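The values are calculated or read from the model by the stated rules, or taken from the named source; none is laboratory data. What you see is a predicted model; the values in this text were computed from it and never measured. Using ideal geometry, Cβ is built from the backbone for each residue, glycine included, and neighbour counts are taken over all protein chains shown.
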């Protein structure tokens, strides 16, 4: 936790005083006595992530191939290739099971 001086605005440091711990300013004589445990938490708001695959609409016009689903062992799967890393790396192949009851997604 960071506190700032009320008079000059500098960061207060924690030091041990005559009556226990206190916040003190290096620039001026301002002192803030610590009477009890001080704590506060601020959780950052996480930004929404974009779907790399383009959402459910991305699977509408894709081809299928003979690739066995690791979940239901269906013999065919839809696939698409996307460049997810740098240009000198190979493309990532994403699969989706053709079985409508399964619909399992995986990648290679």
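For this structure, a couple of remarks:
- Residue 71 touching a residue at least 24 places away in the same chain (Cβ under 8 Å), surrounded by 10 or more Cβ atoms within 10 Å (Cβ to Cβ) and touching a helix residue (DSSP H, G or I) at 6+ places or on another chain (Cβ under 9 Å): no
- One residue alone among 45, 96, 71 is in a loop (DSSP other than H, G, I, E, B) and touching a strand residue (DSSP E or B) at 6+ places or on another chain (Cβ under 8 Å), and that residue is 71.
- Test: residue 16 is out of contact with any strand residue (DSSP E or B) (no Cβ under 7 Å at 6 or more places or on another chain) and at pLDDT 85 or above: yes
Table: residues versus (1) surrounded by fewer than 10 Cβ atoms within 10 Å (Cβ to Cβ); (2) modelled with pLDDT under 90.
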residue	(1), (2)
2	yes, yes
28	no, no
48	yes, yes
52	no, yes
67	no, no
82	no, yes
93	no, no
98	no, no
